[in-house]
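Visitor: After the structure tokens below, expect a handful of questions from me.
The values are calculated or read from the model by the stated rules, or taken from the named source; none is laboratory data. These figures come from a predicted structure and were not determined experimentally. With ideal geometry, Cβ positions are generated from the backbone for all residues, glycine too; neighbour counts draw on all protein chains shown. Remember, those area values only see protein heavy atoms, side chains included, never the ligands or the DNA or RNA. Shrake-Rupley method; radii C 1.70, N 1.55, O 1.52, S 1.80 Å.
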There are 4 protein chains.
Amino acid sequence: MSNLLSIDEIQERISASPFNRWLDLRISLVAVERIVLRCNMKPELVGSPTTQAVHGGVLAALVDCSASFAVISRTGQSVATIDQRVDYHRPGIARELVAEATVLRLGRRLATIDTHICDEAGTLIASGRTLMMQVPHKSKDGDVETS
Amino acid sequence: MSNLLSIDEIQERISASPFNRWLDLRISLVAVERIVLRCNMKPELVGSPTTQAVHGGVLAALVDCSASFAVISRTGQSVATIDQRVDYHRPGIARELVAEATVLRLGRRLATIDTHICDEAGTLIASGRTLMMQVPHKSKDGDVETS
Amino acid sequence: MSNLLSIDEIQERISASPFNRWLDLRISLVAVERIVLRCNMKPELVGSPTTQAVHGGVLAALVDCSASFAVISRTGQSVATIDQRVDYHRPGIARELVAEATVLRLGRRLATIDTHICDEAGTLIASGRTLMMQVPHKSKDGDVETS
Amino acid sequence: MSNLLSIDEIQERISASPFNRWLDLRISLVAVERIVLRCNMKPELVGSPTTQAVHGGVLAALVDCSASFAVISRTGQSVATIDQRVDYHRPGIARELVAEATVLRLGRRLATIDTHICDEAGTLIASGRTLMMQVPHKSKDGDVETS
């Protein structure tokens with residue numbers, strides 16, 4: 001099974017979401033069953049003023065977006081997030097956050113996706129599991145509904 | 001058991017986090033075992049360009065922050081997020097997001113917190129469960145480490 | 001909104017499942033949006049030989065079954081478990097386990113249910129959240145497919 | 001890093017738990033960072049009377065036990081389950097259930113473990129993520145406290 005969308009088409013759809021654009025999320029790899037998404041650290045993303053670690057909500061947003069596009073790159077359809085678990089393994093102190101999302105199961109309606117988020121050196125910071133529902137009717141301008 | 005921190009002290013600690021400040025999170029109630037946190041919708045928080053629904057990562061950030069301060073308001077100590085589940089019940093189309101966090105169990109080291117997020121009319125949009133670890137040594141300037 | 005099934009009809013459907021019957025699960029309350037399920041402790045359910053605490057898998061089975069019948073009692077339809085989170089708050093040392101399941105959201109296809117499991121004195125032992133899918137075609141003999 | 005316990009020592013500790021013994025759980029592989037646990041299907045494990053699929057609680061028990069021993073085989077210490085997510089991907093219709101547990105992160109106190117459960121043909125039935133706490137003081141007869 002191959003990917004239906006090119007890396008440029010996926011980047012365009014990611015950036016159509018204002019919050020993704022504010023985070024400046026960039027797709028850097030699209031392969032069968034997995035994608036890689038990158039996000040540079042910036043001051044507004046800090047959660048803890050002392051440690052300068054990234055906010056947990058930003059890591060959750062990366063899990064959500066990477067999981068969505070791991071499915072969308074395969075199907076071309078829109079998706080909606082049903083539920084999500086995120087495990088925070090280490091304080092997120094990084095210059096760049098690299099999220100790799102792998103489709104564990106792609107059913108007719110539901111998809112389950114695993115995401116690992118590492119810092120620029122490859123150290124695991126957080127990981128997540130997302131359940132998504134595929135939305136069969138592609139909306140008129142091809143956008144994505146994440147949750 | 002009473003709350004150790006006043007609503008003003010909690011607001012100060014929330015706003016010490018750059019990402020919370022960017023989201024403009026405001027605490028509006030502090031009671032025993034629960035708090036209420038509010039966030040006005042703004043264009044940068046949109047996840048879906050067609051529906052204008054809030055991004056799932058923003059809802060996850062609200063779950064994270066409300067859970068943290070439900071514990072902190074009781075103990076005064078810092079916390080770290082260990083893991084979190086978020087369920088997305090309806091598209092987050094709202095002018096204001098209202099997160100109510102309730103401490104289900106406060107142990108010696110671990111705390112479990114339930115959060116419900118509604119729109120301004122009280123309709124449930126998302127809900128979450130967060131496991132936090134209490135960090136016994138209060139850091140020198142009283143900040144909070146969320147995840 | 002009222003319940004479609006009586007307590008006797010629900011007990012019959014619970015006991016149609018061999019594993020539920022081996023656990024000897026008994027329904028003791030059916031109300032709108034919540035049910036109560038009970039399970040007596042017995043030696044084969046012990047997980048830890050030193051503490052004599054119940055096995056975590058037994059508590060997960062109680063979460064699953066109580067969540068299923070909280071929905072089934074409302075709709076009469078069959079359900080399938082999609083995913084589940086269980087939090088273990090205290091060692092499960094009890095003579096009787098009492099599971100109360102509350103429907104948080106009942107959608108057209110999906111349902112989200114919260115379960116709290118206490119010992120006979122009302123102390124919280126574990127809690128869970130379950131996502132279920134309603135299976136529209138009632139199977140020929142009215143059974144339930146839990147996961 | 002190597003495993004501290006042999007396969008026979010692990011089997012002995014698994015079978016010291018009455019519920020594990022009733023399930024007849026058998027360890028079939030112990031490698032660095034992962035273990036494989038097997039369980040034959042038997043009539044009492046059926047959840048659904050029509051499909052004959054295994055009960056979701058049995059799959060959750062396999063996730064719990066495999067996660068515990070993936071950690072115990074490395075450390076020799078006891079563990080307690082803090083929380084667990086299980087995703088049910090397909091009806092569990094199998095002659096044998098094969099659970100493979102991999103340690104994603106082993107911290108000083110907490111461990112995160114992924115488990116995949118397949119049927120005898122290798123088809124994925126369910127998967128889980130477990131957070132465990134290591135219990136530093138080994139209890140007097142070396143048993144395991146799984147939640």
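Visitor: For chain C, what is the relative contact order in percent, using Cα pairs closer than 8 Å and at least 6 residues apart in sequence?
Guide: RCO, chain C: 25 percent.
Visitor: Determine the shielding of peptide D:76-84 by partner chains: average, over its residues, the number of Cβ atoms on other chains within 10 angstrom of each Cβ.
Guide: Mean shielding by partner chains, rounded to a whole number: 6.
Visitor: Could you give me the radius of gyration and the Dmax of region D:1-48, taking only the C-alpha atoms into account and expressing both in angstrom?
Guide: My reading of the Cα-based Rg and Dmax gives 12.6, 43 Å.
Visitor: Also, quick follow-up: Put +1 on the Cβ of each Lys and Arg and -1 on the Cβ of each Asp and Glu in region D:23-96; which of D:Pro43, D:Val32, D:Val86 then has its Cα farthest toward the positive end of the dipole?
Guide: Of the options given, the answer is D:Val32.
Visitor: Sticking with this structure for a sec: Which aspartates and glutamates, on any chain, are close to D:Lys42 with Cα under 12 Å apart, when same-chain ones fewer than 8 places away are left out?
Guide: D:Asp24, D:Glu96
Visitor: Based on the Cβ-Cβ distance from D:Ser6 to A:Gln52, what FRET efficiency comes out when R0 is 45 Å, to the nearest 0.05?
Guide: Plugging the Cβ-Cβ distance into 1/(1 + (r/R0)^6) gives 0.50.
Visitor: Could you work out what % of the accessible surface of region D:2-147 is carbon and sulfur, using a 1.4 angstrom probe and leaving DNA, RNA and ligands out of the count?
Guide: 51
Visitor: To the nearest 20 Debye, how big is the dipole of chain D about its Cα centre, given +1 on the beta carbon of each Lys and Arg and -1 on that of each Asp and Glu?
Guide: 320
Visitor: Give the ranking of A:His116, A:His55 by solvent-accessible surface, highest area first, calculated with a 1.4 Å probe.
Guide: From most accessible down to least: A:His116, A:His55.
Visitor: Please list, ordered by chain and number, the residues whose modelled amide H lies under 5 Å from the amide H of A:Asp83; skip anything fewer than 5 residues away on the same chain.
Guide: The list, which skips near neighbours in sequence, is A:Leu131, B:Tyr88.
Visitor: Project the alpha carbons of region D:7-147 onto their principal axes and report the range along each, largest first, in whole Å.
Guide: If we take the Cα atoms of region D:7-147, the spans are 46, 26, 24 Å.
Visitor: So how strong a dipole does the protein assembly as shown carry about its Cα centre when Lys and Arg Cβ are +1 and Asp and Glu Cβ are -1, to the nearest 20 debye?
Guide: Charge dipole of the protein assembly as shown: 0 debye, to the nearest 20.
Visitor: Right, here's the next one. Need one value for A:40-51: mean number of C-beta atoms belonging to other chains within 10 Å of its residues' C-beta atoms.
Guide: 6
Visitor: Taking every residue in A:96-108, how many Cβ atoms of other protein chains lie within 10 Å of its Cβ, on average?
Guide: Average per residue, whole number: 1.
Visitor: Treat every Asp and Glu Cβ in region C:12-97 as -1 and every Lys and Arg Cβ as +1, leave all other atoms uncharged, and give the resulting dipole magnitude about the Cα centre to the nearest 20 debye.
Guide: That gives a dipole near 180 debye.
Visitor: Also, quick follow-up: Step by step: find N for region D:20-84, compute 2.2 N^0.38 Å, then divide the Cα radius of gyration by it. What's the final number?
Guide: 1.24
Visitor: Whats the longest run of chain A with zero trypsin sites (Lys or Arg not before Pro) that are DSSP loop and have at most 10 other Cβ atoms within 10 Å?
Guide: A:1-94
Visitor: Arrange the residues B:Thr112, B:Thr102 by how much accessible surface each exposes, largest first, with a 1.4 angstrom probe.
Guide: B:Thr102, B:Thr112
Visitor: Taking the Cβ-Cβ separation of C:Thr123 and A:Ala16 as r and a Förster radius of 45 Å, what is the calculated FRET efficiency to the nearest 0.05?
Guide: That pair, C:Thr123 with A:Ala16, gives E of 0.35.
Visitor: Still on this structure, I have one more. Set Lys and Arg Cβ to +1 and Asp and Glu Cβ to -1, take the dipole of chain B about its Cα centre, and tell me which of B:Gly76, B:Val58, B:Ser17 lies farthest positive.
Guide: Positive-end residue among those listed: B:Gly76.
Visitor: Measure nothing but the geometry: give the 0 to 90° angle between the long axis through the Cα atoms of C:56-75 and the longest principal axis through the Cα atoms of chain C, rounded to 10°.
Guide: With both axes taken from Cα atoms, the answer is about 20 degrees.
Visitor: Using only DSSP helix segments of four residues or longer, with each worth -39500 (n - 2.57), what per-residue ellipticity at 222 nm results for chain B after dividing by its residue count and rounding to 500?
Guide: Calculated from helices alone, the mean residue ellipticity at 222 nm is -7500 deg cm²/dmol.
Visitor: C:Val86 accessible area, nearest 10 Å², 1.4 Å probe?
Guide: 0
Visitor: Inverting the mean 1/r over all pairs of different Cα atoms, compute the Kirkwood radius of the protein assembly as shown and quote it in Å.
Guide: For the protein assembly as shown, the Kirkwood estimate is 24.0 Å.
Visitor: To the nearest 0.05, how large is the calculated FRET efficiency for D:Gln77 and A:Thr102 if R₀ is 25 Å and r is the Cβ-Cβ distance?
Guide: 0.20
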